[in-house]
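The values are calculated or read from the model by the stated rules, or taken from the named source; none is laboratory data. As the structure is a computational prediction, the values presented were derived from the model and not from experiment. Using ideal geometry, Cβ is built from the backbone for each residue, glycine included, and neighbour counts are taken over all protein chains shown.
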Amino acid sequence: MDTKRLIIVAVGGQGNLLASSVLGEAALVAGVPVRMSEIHGMAQRGGVVESAIVFGEAKSTIIADGEADVLLGFEPSETLRALNKCHAGTVVITNTAPLPPFTVAIGKGVYPDLDQLQDLIQSKTERLIALDAVALAKEAGNVLAVNMVLLGSLIQIGILPFSADDVKTAMQNKTKKAFLASNLKAFDLGYQAAAG
Amino acid sequence: MHKLLKQDIGEKMMLLGNEAIARGAIEAGLAFAATYPGTPSSELSLNLFQISQESDLYFEYSTNEKVALEVAAAAANSGVRSMAIMKHVGVNVAADALMTLAYVGVTGGMVVLSADDPFMFSSQNEQDNRYYAKLSGLPMMEPSSVEEAKEMVAKAFEVSEALNEPVILRTTTRINHSTAPVTLGEIKPRVTQGIFEKDPFSKVTVPAVSRNLHVKLLENIDKAKALAEKSEYNFIEGTGSGGIICNGVSYNYVADAVKDLNAAKNIKILRIGFSYPLPEQMIKNFLKDCDQVLIVEEGEPYMEEAVKAFAQEAGLMLPINGKKKDLFSRLYEYNPGIVRQNIATYFGIDSTPAAIPDMSDVPDVPMRPPNLCAGCSHRATFYAVKKAAEGLDTIYPTDIGCYTLGFLPPLSMADFLICMGSSVGTSCGFSKVNTNKVVSFIGDSTFFHSGIPGLVNAVFNNHNFTLVILDNGTTAMTGHQPHPGVNMDDFNLKDYKQVSIEKLVRAIGVEHVTLVKPYKVKKSIQAIKEALEYQGVSVIISEEMCTLYAKGLKRLKQRPFYISDKCTNHRECVNELACPAFFIEGTKVNIDADQCVGCAICAQICPENAILPVKAKA
Ligand code: SF4
């Protein structure tokens with residue numbers, strides 16, 4: 001099996017650690033070798049949280065610059081910041097709902113223009129899928145399900161070596177029962193959004 | 001039941017490296033563990049803490065790493081399998097105990113876990129703790145993967161019991177914080193009670209005894225070397241006249257690179273997992289079979305120096321390289337790309353480096369540094385101290401915890417930091433040689449860890465500064481572990497006592513002690529002003545529970561505020577407090593009601609009284 005390398009970037013509190021844990025579990029369910037690594041020391045203090053997930057026969061748990069096959073961004077400016085992880089063949093999926101960092105509020109930086117941001121990513125990679133995951137999560141009835149929306153889009157593009165059903169099984173093992181229905185709905189909405 | 005106590009032998013589970021190590025320890029019959037929390041080791045301790053609540057495992061959060069090591073060493077000297085867990089810099093704190101424990105040894109297995117942090121994801125330095133093995137003479141093992149980390153714990157206990165001395169298990173962040181499938185093994189029964197056999201002539205380290213013990217330690221190093229020569233953790237892969245010697249996570253990058261470069265027939269890999277003492281003969285034999293050798297190790301040239309010395313002894317002239325300009329760096333962590341490119345260059349293999357997109361037309365993305373939480377009591381305290389000290393020329397030594405984040409603008413309340421507890425000790429020195437008013441900050445947990453001796457020193461030597469103890473009732477930074485000042489009823493745990501910081505400070509002899517509630521801004525500023533005017537050592541204890549912790553305990557009555565039309569947009573609130581609940585919409589300041597916890601600091605400082613509770617609005 002080909003090795004597939006996925007980078008997830010998010011802002012602390014956006015639920016990306018749960019997303020990667022669902023993906024890890026899905027790989028385990030599907031019998032796909034998987035290793036991942038996360039830097040989550042200051043996740044709860046609003047910093048950037050990055051996960052690297054490597055599927056297939058590889059020993060490394062991290063991904064060098066320019067070597068991600070898929071970049072999944074939970075926040076548009078963070079997706080842009082992580083563009084150095086991509087190469088010309090990378091597929092990028094990004095949430096378009098911005099969470100401006102605090103530095104913008106105190107005048108230490110300008111938040112990038114969202115249209116320009118998408119054009120830039122599009123021009124430097126294979127494909128960009130941009131969706132308002134917050135709106136879709138709300139539609140699913142759970143504003144915190146942004147992570148599940150994005151997982152749906154990620155699975156739709158078909159690059160990872162397992163199915164939507166594997167992920168749904170993993171969601172049952174890994175997410176809270178009370179949120180399962182809305183999480184599954186969010187997943188489906190994200191899946192459909194990526195299908196265009 | 002705790003997931004790490006599952007008996008399903010052979011089942012595969014996705015485990016974080018720290019969970020895998022905890023499971024490995026449980027499988028090995030670990031009965032006793034002590035720690036001071038520190039990233040990247042914290043989840044390991046957390047899991048053992050949880051397990052101890054539903055089993056006969058003894059676990060404690062000790063006041064600092066030295067105490068933790070001593071506590072565990074005593075258990076191990078009574079025949080009980082024990083573990084002391086700490087981050088790399090924690091070993092510095094424990095080093096005094098470790099060096100001589102190496103002389104005395106243990107009677108039950110003991111593993112000292114050192115979690116190193118290359119790149120300093122959450123540390124003040126990236127020291128390479130492999131040198132502690134060399135310095136102490138204690139055996140050291142280093143896993144390359146999560147799965148191996150689990151297996152290695154059991155092996156480390158065996159080696160420890162074979163040699164009657166502690167074994168250092170050294171991990172790096174990318175082991176502790178990686179996740180991979182791990183196969184569960186059998187859980188050995190725990191032996192929780194021991195017998196201490198008196199033997200003062202080998203356990204009381206007066207000079208005459210230690211002279212003999214040092215002889216024994218050197219003999220032990222030879223025995224350990226024999227074990228390293230045969231260890232399954234030192235192995236050779238592949239064939240060819242090119243050689244790579246590597247350890248830890250570097251091995252993963254090397255193995256992937258050799259595969260990607262199709263070089264398994266030309267390059268063989270010697271992976272070192274039992275890394276002190278190094279398997280000298282094995283390495284010499286490996287060198288004899290190679291034309292050139294590359295050493296791939298993050299951090300210092302620990303193996304490289306030894307391997308070069310072995311080559312000299314064996315009369316071998318082959319090129320051996322590792323840390324070198326245009327090759328590997330001593331800085332930060334490696335990654336698969338760096339390692340692949342360096343292997344290709346060194347062995348003359350064609351390889352095109354990954355094509356990173358041209359970022360020249362990408363606008364600067366605004367930085368997103370971590371920030372104190374919305375409503376964090378530290379922000380309130382910093383603000384009050386800053387106001388109270390207005391007009392004074394100050395120096396602000398700080399310490400290690402969430403409050404270190406106060407160094408960022410606009411708070412900018414940190415001038416000096418070297419290690420846990422340094423706020424107090426350095427205040428003594430700063431105040432002696434500078435005319436500035438010295439005001440230092442230390443958290444409650446850090447104060448217990450290593451602030452107390454500095455404060456005793458300050459009182460005795462009659463120094464002149466103000467120490468602010470930020471008492472938020474937990475060890476917040478590393479994930480809300482308890483410390484001696486915590487009321488353990490919060491955890492529903494009995495059999496603990498609580499140490500009062502105030503009584504302790506008064507007992508030390510500090511004559512000016514002030515308690516403030518930082519959410520009361522005016523009162524706090526006034527009280528702090530008085531403390532700052534005091535000549536001598538004054539202590540301010542700023543008491544307010546960590547917001548995130550209070551949320552976790554469901555003690556937070558979240559009563560958000562909003563910004564009313566009275567706002568004239570001079571933005572004192574945003575610019576002075578930098579609370580992440582603020583955001584700018586158009587040109588107007590707003591408060592995110594989901595984030596706002598209702599600490600009301602901003603409401604108290606707004607000159608227009610424009611910030612009001614949401615409730616009142618409705
Ligand atoms: S975790 Fe607690 S102490 Fe740390 S920044 Fe958040 S509120 Fe402050």
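Checking each residue in segment A:92-120 for being over 26 Å from B:Ala581 (Cβ atoms) and either out of contact with any Ser or Thr (no Cβ under 7 Å at 6 or more places or on another chain) or facing chain B (nearest Cβ under 7 Å) (or both) picks out A:Asp115, A:Gln116, A:Gln118, A:Asp119, A:Leu120. Counted as qualifying within segment A:93-194 are the helices (runs of 4 or more DSSP H) with 2 or more residues that are surrounded by fewer than 21 Cβ atoms within 10 Å (Cβ to Cβ) and free of Cβ contacts under 8 Å to residues at least 12 places away in the same chain, namely A:102-105, A:114-124, A:164-174. So, in segment B:376-388, of the ones that are within 18 Å of B:Glu572 (Cβ to Cβ) and among the small types (Gly, Ala, Ser), which residue ends up nearest to the ligand (Cβ to nearest atom)? The qualifying residue nearest to the ligand (Cβ to nearest atom) is B:Ala380.
Residues in segment B:300-346 that are under 21 Å from B:Ala255 (Cα atoms) and in a helix (DSSP H, G or I): 15 in all. Here is the figure for segment B:36-47: residues that are farther than 19 Å from B:Lys66 by Cβ and part of a helix (DSSP H, G or I) total 3. If you go through segment A:43-91 and keep only what is at the interface with chain B (Cβ under 8 Å from one of its Cβ atoms) and over 28 Å from B:Thr352 (Cα atoms), you end up with A:Gln44, A:Arg45, A:Gly46, A:Gly47, A:Val48, A:Ser77. None of B:Ser241, B:Ser231 is in contact with a Phe, Trp or Tyr (Cβ under 6 Å, 6 or more places away or on another chain), at negative phi and surrounded by fewer than 23 Cβ atoms within 10 Å (Cβ to Cβ) except B:Ser231. Looking across segment B:389-405, the residues that are within 16 Å of the ligand (Cβ to nearest atom), touching a strand residue (DSSP E or B) at 6+ places or on another chain (Cβ under 7 Å) and not β-branched (Val, Ile, Thr) come down to B:Asp399, B:Gly401, B:Tyr403.
For segment A:12-33, indicate whether the set of residues that are facing another protein chain (nearest Cβ under 10 Å) and over 21 Å from A:Leu150 (Cα atoms) is non-empty. Among the residues of segment A:12-33, at least one is facing another protein chain (nearest Cβ under 10 Å) and over 21 Å from A:Leu150 (Cα atoms), which makes the answer yes.
Show the residue pairs meeting these rules: Cβ distance below 6 Å; 6+ apart or different chains; first residue within segment B:368-385 and within 25 Å of A:Ala82 (Cβ to Cβ) and away from every other protein chain (no Cβ under 12 Å); second residue within 7 Å of the ligand (Cβ to nearest atom) and small (Gly, Ala, Ser). Correct list of pairs: empty, since none qualify.
A single entry from B:Ser450, B:Ser440, B:Ser445 fulfils the requirement of being at pLDDT 95 or above and within 16 Å of the ligand (Cβ to nearest atom): B:Ser445. Can you pull out every residue in segment B:427-449 that is among the hydroxyl-bearing types (Ser, Thr, Tyr) and under 23 Å from B:Arg379 (Cβ atoms)? Answer for segment B:427-449, where residues must be among the hydroxyl-bearing types (Ser, Thr, Tyr) and under 23 Å from B:Arg379 (Cβ atoms): B:Ser427, B:Ser440, B:Ser445, B:Thr446. Out of curiosity, is B:Tyr302 in contact (Cβ under 8 Å) with a residue 60 or more places away in the chain and exposed (fewer than 15 other Cβ atoms within 10 Å of the Cβ)? No: the conditions fail for B:Tyr302.
Test B:Cys428 against the stated conditions and say whether it is under 29 Å from B:Cys573 (Cα atoms) and crowded, with 20+ Cβ neighbours inside 10 Å. Write out each step before concluding.
Working: under 29 Å from B:Cys573 (Cα atoms): no; crowded, with 20+ Cβ neighbours inside 10 Å: yes.
Answer is no for this residue.
Here B:Glu165 passes the criteria (1) outside the structural domain of B:Tyr276 (by TED's automatic domain parsing); (2) surrounded by fewer than 18 Cβ atoms within 10 Å (Cβ to Cβ); (3) part of a loop (DSSP other than H, G, I, E, B) except the one numbered (2). When B:Val456 is tested against (1) β-branched (Val, Ile, Thr); (2) outside any helix (DSSP H, G or I); (3) more than 21 Å from the chain's Cα centre (by Cα), exactly one condition is not met: (2).
Contact map, segment B:327-338: first residue more than 9 Å from chain A (Cβ to nearest Cβ), second residue basic (Lys, Arg) and surrounded by 15 or more Cβ atoms within 10 Å (Cβ to Cβ), Cβ cut-off under 9 Å, separation 6 or more or different chains; pairs are B:Ser329/B:Lys323; B:Arg330/B:Lys323. Can you find a residue that is surrounded by fewer than 17 Cβ atoms within 10 Å (Cβ to Cβ), more than 31 Å from the chain's Cα centre (by Cα) and under 17 Å from B:Lys284 (Cα atoms) anywhere in segment B:216-223? So far as segment B:216-223 goes, yes, one or more of its residues are surrounded by fewer than 17 Cβ atoms within 10 Å (Cβ to Cβ), more than 31 Å from the chain's Cα centre (by Cα) and under 17 Å from B:Lys284 (Cα atoms). Of the residues making up segment B:322-348, those that are of a type in the set (Lys, Arg) and over 25 Å from the mean Cα position of the chain (by Cα) are B:Lys323, B:Lys324, B:Lys325, B:Arg340. Listed by position, the helices (runs of 4 or more DSSP H) contained in segment B:467-573 that have at least 3 residues being within 16 Å of the ligand (Cβ to nearest atom) and farther than 26 Å from B:Phe430 by Cα are B:547-552.
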